[in-house]
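Have a look at the structure below before the remarks.
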Amino acid sequence: MAQVALRNIVKTFDKTPAVQGIDLDIADREFIVLVGPSGCGKSTTLRMIAGLEEATSGEIYIGDQLVNDVPPKDRDIAMVFQNYALYPHMTVYENMSFGLRLKKFPKSEIRDRVENAARILDITDLLQRRPRQLSGGQRQRVAMGRAIVRNPKVFLFDEPLSNLDAKLRVQMRTEIKKVHQKVTTTTVYVTHDQVEAMTLADRVVVMNGGRIEQIGSPNEVYHHPATRFVAGFIGSPAMNFLPCRLEESDDQLVVRLSDTLSFPVPPSRVARYRPRVGNELIFGLRPEDIIEGRGELAPGTAAFEVLLDVVEPMGMETMVYFIVDGVEVCGRVNPAAARNAGETMRLVADLNHMHLIDTRTDQVI
Amino acid sequence: MAEAVARDVRVSPIGRRKTARALVRRKSLVAFAMALPLIAVIAGLVVYPAAYAIHLAMLNKSMQHFVGLGNYQFLFRRFIEVSNLSWATFWSWSFEVKLSTFAMVVEQSVLFAVSAVIFKAVIGFVLAHFVHNIPQKGQRKWRGMLLVPWVIPPAMSTLAWLWLFDPSYSAFNWIFTRIGLPAVPWLGNPYWARFGVILDNVWVGAPFFMIMYLAALKSVPEQLHEAAAIDGATWLQKIWYINLPMMRNIIAITALFSLIVTFANFDIVKILTNGGPIDQTQVFATWAFMKGIQGNDIPLGASVSLFMFPILAVAAILILRNVRKRTNEI
Amino acid sequence: MTVATAQLEGEARRPPRYGSMARGRRRALFWSYFFLALFVIFFLMPPVYMFITSLKSSGEISAATNPWWVFHPTLSNYTNLLTQKQFLIFYRNSAIVSVLVVSVTMVISVLAAFSLARMKFWGSATLATGVFLTYLVPDTLLFIPLFKIFAFIHDKTGIELINHWWVLIVLYPTLTVPFCTWIMIGYFASIPKELDEAALIDGAGYMQMLLRVFIPVALPGIIAATIFAFTVSWANFLYPLAFTTSADQLVLPVGIVTTLIKGDVYNWGQIMTGALLGAAPPLVIYAFLMDYYIAGLTAGATKG
């Protein structure tokens, strides 16, 4: 069990920068998730922690030890790969005990550790099988077992659920969370799926283009995104973005989205936004903050009427799409209240959850 | 023809079954016809001669009488005769001198085949790893250069070795004498002659092993090596625990295959030593040639060649089993 | 959030040594190149030596100067051989035999492979295994009975089968057909069945499917098999040695070995030149079509 620290990590491949300056402190026993689109550098960062890639510059600490020039086998880490990387010619037992056998652990201790891990992962009756006789989910569990058995300082997961079908993915996600509750090792988990990030992480690290966009708890990252990228990446369906202008009229701030549509800024935000009047900004609002209009308006909300373009019934809710000034906007309404496509509908926007983004810096104000 | 097919389809169920069967029958007839030349070649030029060889081996020298296993008795009698005569007083002396030629042929063939294949396998394995280790771009160049011995017709390259081993002008001896080592009598001395034959054989065959092992090595997923690195394996442990087991099949197939080919080798021994000195490098193929074609004793030659057969058959069965295992795995 | 930073600040930190893992990797690379170079020297030494000797006159050879270097290079060996009628006859015989054998082999192999890979008929599976087994039967097993068979045919029908180079065209296919068929079966089997069905619907008969679809798609395999057949035919030594004796019937490998080595006096300059010229066609093909050459080799085992 140990903390991990990355100081100004840079990695360039043949003049192409993959990671451009990462600073990260991971606390002991923390489950941290690196999330971002393909090519954002998250896997590269993970592999640098593992020692499978060497950092071009910067320092990596595992525990208190500087590990830049320490080879993977001496870093006391364990890794779960996307393709499981199980040794096909060995049984499950041999796969899990391989690292221990290399280090010449006594047979009794090997057996104890393997059986313990197998119990945690519920694979005790698979110990004598070979990888090719196992299903995808079982293989993934064996891969995790191999990691647990080593009792390392850090667990590293490289997109472990990407090869599984959707239903299995949800199941394994819960398994991983349960295992982490039992085996509380520091974990660095990489994924491109923001749902996985949100459900598993103690803290989320959103990466893009080799840099960290934001670090925070899942709630922080969801409700208080720091940049345009984070706001648009986290949450499904994605946040709506509309170009807007901030106007002032009789001591009130108004967000103008089009000639026909504008929203008043809630009083709590006025002070923050006032300096930006007249700027070109981007208005962000999540679909779940655009709901059907009903009865009285709560403070900070505004009602408006739109012509529905597309209506998608999802069962539990219905997604409605409409166009504002050429941009498609998504709202989430109660199925009973939803109108049909082509009809007008009264919607209410909860502006207490609005975001304004500076177009020059892409920062959320 | 598409029209015809469409018309057939619209026929009633029973009719459709009949035409389908006719189509299948016609198809298998066509297939058989296409395979006929192959069957002719195999039957006429391989199976029949092989069977005929068995028949020939059982005739006497003038091929008038049927002598059953007489030829083998002849070959082996002297083998056994030697053992009886051998020990007593002049044990080691008469053993060497009186060892029947055929026994020597068997011993030499086995010696050459086994030692050559072992060397080739080891060299091929090592080379495959070195080539795999260097950056991808350079691999093609090195691989290209290393395969050259295999590409050159063995008869031609053996002439080069013959020249290199020449008693008076050997280029090797030229170097040896220059650095103070004695000149080696190469092909004049039985032990050096055997060494020369094996060396030539290994030189020709090692590249083949390298290519096959390289292909097998490349099919081992890189992630397994990464997982092993994290599990704590050194490069040697990676080769022992991962590469070797996963290449096991190809290693076996290639080695068995080479065993067959090396065992039956003719060109190298014929050109380099012609079996000499004093028949100390004779192998099955060259001795069969000498007795059968040059000595005009066809049945004897046939029996010598045939002696290879059991060993080849065992190797062939082992190969087949490994090939089947390979297609079933993973 | 940053619990660990405080601890780290206090500790005396030594600067990381960048590239130490890369240095280990560089060391591994050095040794790899070192041994590769060693083996390249070992493997290329004989052909290079052949070339050096071929540029020497007999005088220089018998003078026993440094055998590894030419002091007075001359092309006389080359000009002698290439203008010598006998040598050219060897070349001609080899070329004709090889080309014809390749053609015969490819026709037989492609037809048979197509039939075995695609169309199931009674016994096709055993035949496929039989093809593979046939490849394992060495020529040294067959040459004696074949010799007797040919002599027999000569006695009965008067057709002279021994001592004619065109006999080889009958014999070589035993060596080339099995393996070429095996290679082609592998390539044909890997063509998706949907292509057949599309062709059938488009109205193609089996012959047309073979010519228009299979052969073009499996062209790399065909090239690999062709190269294999050519190399084996060109290099064969045992069959021509056993079956051809008169000088004008010999093919190149046998011709060089038997006629240039006359009695006790060996003209090594000429022998090496002849050997080099004899090795040239396979080497040239290899140089230009190396990938196909290697694909042919590995196809046998890895395509199972």
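What tally of residues in region B:310-330 results from selecting those that are surrounded by 15 or more Cβ atoms within 10 Å (Cβ to Cβ), facing another protein chain (nearest Cβ under 9 Å) and not charged (D, E, K, R)? Number satisfying all stated conditions: 6. Filtered by the rule that a residue be aliphatic (A, V, I, L, M), more than 21 Å from A:Gln128 (Cα to Cα), touching a Leu at 6+ places or on another chain (Cβ under 8 Å) and within 7 Å of another protein chain (Cβ to nearest Cβ), region A:55-97 gives A:Ile77, A:Ala78, A:Met79. Of all residue pairs spaced 6 or more apart or on separate chains, those with beta-carbon atoms under 6 Å, a first member in region A:1-18 that is within 13 Å of A:Met48 (Cα to Cα) and a second member that is basic (Lys, Arg) are A:Ala18/A:Lys11. A:Val80 meets the conditions (1) touching a residue at least 40 places away in the same chain (Cβ under 8 Å); (2) out of contact with any Phe, Trp or Tyr (no Cβ under 7 Å at 6 or more places or on another chain); (3) closer than 21 Å to A:Arg47 by Cβ in every case but one. The failed one is (2). Is there a residue in region B:136-152 that is more than 7 Å from chain C (Cβ to nearest Cβ), part of a helix (DSSP H, G or I) and under 17 Å from the mean Cα position of the chain (by Cα)? The answer is yes, given that some residue of region B:136-152 is more than 7 Å from chain C (Cβ to nearest Cβ), part of a helix (DSSP H, G or I) and under 17 Å from the mean Cα position of the chain (by Cα).
If only residues of region B:273-288 that are surrounded by fewer than 24 Cβ atoms within 10 Å (Cβ to Cβ) and polar (S, T, N, Q) are counted, the one that is nearest to B:Pro190 (Cα to Cα) is B:Gln280.
You will find that of C:Thr273, C:Thr298, C:Thr258, C:Thr245, the residue that is at pLDDT below 85, over 19 Å from the mean Cα position of the chain (by Cα) and in a helix (DSSP H, G or I) is C:Thr258 and no other. Restrict the check to region C:185-203 and report whether at least one residue is within 20 Å of C:Leu133 (Cα to Cα), facing chain B (nearest Cβ under 10 Å) and in contact with a Leu (Cβ under 8 Å, 6 or more places away or on another chain). Among the residues of region C:185-203, not one is within 20 Å of C:Leu133 (Cα to Cα), facing chain B (nearest Cβ under 10 Å) and in contact with a Leu (Cβ under 8 Å, 6 or more places away or on another chain), which makes the answer no. If you filter region B:200-227 down to residues that are of a type in the set (D, E, K, R) and without any contact (Cβ under 8 Å) to a residue 40 or more places away in the chain, you find that the one that is nearest to the other protein chains (Cβ to nearest Cβ) is B:Glu226. Within region C:61-75, residues that are at the interface with chain B (Cβ under 10 Å from one of its Cβ atoms) sit with their Cβ atoms under 6 Å from residues that are not in a loop (DSSP other than H, G, I, E, B), at 6+ positions apart or across chains, in these pairs: C:Ile61/C:Trp268; C:Ile61/C:Gly269; C:Pro67/B:Ala171; C:Pro67/B:Trp174. Of all the listed residues (B:Leu181, B:Leu147, B:Leu111), the sole one being in contact (Cβ under 8 Å) with a residue 60 or more places away in the chain, among the aliphatic types (A, V, I, L, M) and within 30 Å of C:Asn267 (Cα to Cα) is B:Leu147.
Would region B:184-196 turn up any residue that is over 22 Å from C:Ser54 (Cβ atoms), in a loop (DSSP other than H, G, I, E, B) and either touching a residue at least 40 places away in the same chain (Cβ under 8 Å) or among the aromatic types (Phe, Trp, Tyr) (or both)? Yes, the conditions are met somewhere in region B:184-196. Restricting attention to region A:75-127, the residues that are assigned to a loop (DSSP other than H, G, I, E, B) and among the hydroxyl-bearing types (Ser, Thr, Tyr) total 3.
Please verify whether A:Val92 is touching a residue at least 60 places away in the same chain (Cβ under 8 Å) and not hydroxyl-bearing (Ser, Thr, Tyr), treating the condition exactly as stated.
no
Mind listing whichever residues of region C:104-130 are of a type in the set (Val, Ile, Thr) and at pLDDT 85 or above?
C:Val104, C:Thr105, C:Val107, C:Ile108, C:Val110
Checked against (1) within 15 Å of the chain's Cα centre (by Cα); (2) at pLDDT 90 or above, B:Val261 passes all but a single condition, namely (2). Do we have any residue at all in region A:163-179 that's in contact (Cβ under 8 Å) with a residue 60 or more places away in the chain, within 15 Å of the chain's Cα centre (by Cα) and not in a helix (DSSP H, G or I)? The answer is no, given that none of the residues of region A:163-179 is in contact (Cβ under 8 Å) with a residue 60 or more places away in the chain, within 15 Å of the chain's Cα centre (by Cα) and not in a helix (DSSP H, G or I). Filtered by the rule that a residue be over 20 Å from A:Gln171 (Cα atoms), away from chain B (no Cβ under 14 Å) and either in contact (Cβ under 8 Å) with a residue 40 or more places away in the chain or basic (Lys, Arg) (or both), region A:98-128 gives A:Lys107, A:Arg111.
Can you tell me which of (1) surrounded by fewer than 22 Cβ atoms within 10 Å (Cβ to Cβ); (2) under 17 Å from the mean Cα position of the chain (by Cα); (3) under 30 Å from B:Ile298 (Cα atoms) is the one C:Ala229 doesn't meet? Here C:Ala229 clears every test but (1). Summed over region C:146-160, residues that are under 27 Å from the mean Cα position of the chain (by Cα) and surrounded by fewer than 24 Cβ atoms within 10 Å (Cβ to Cβ) total 1. If you go through region B:228-245 and keep only what is touching a Gly at 6+ places or on another chain (Cβ under 9 Å) and either assigned to a helix (DSSP H, G or I) or more than 7 Å from chain A (Cβ to nearest Cβ) (or both), you end up with B:Ala228, B:Ala229, B:Ile230, B:Asp231.
The values are calculated or read from the model by the stated rules, or taken from the named source; none is laboratory data. Values in this document were obtained by computation on a predicted structure and should not be read as measured data. Please note: Cβ atoms are built from the backbone with ideal geometry, for glycine as well, and neighbour counts cover all protein chains shown.
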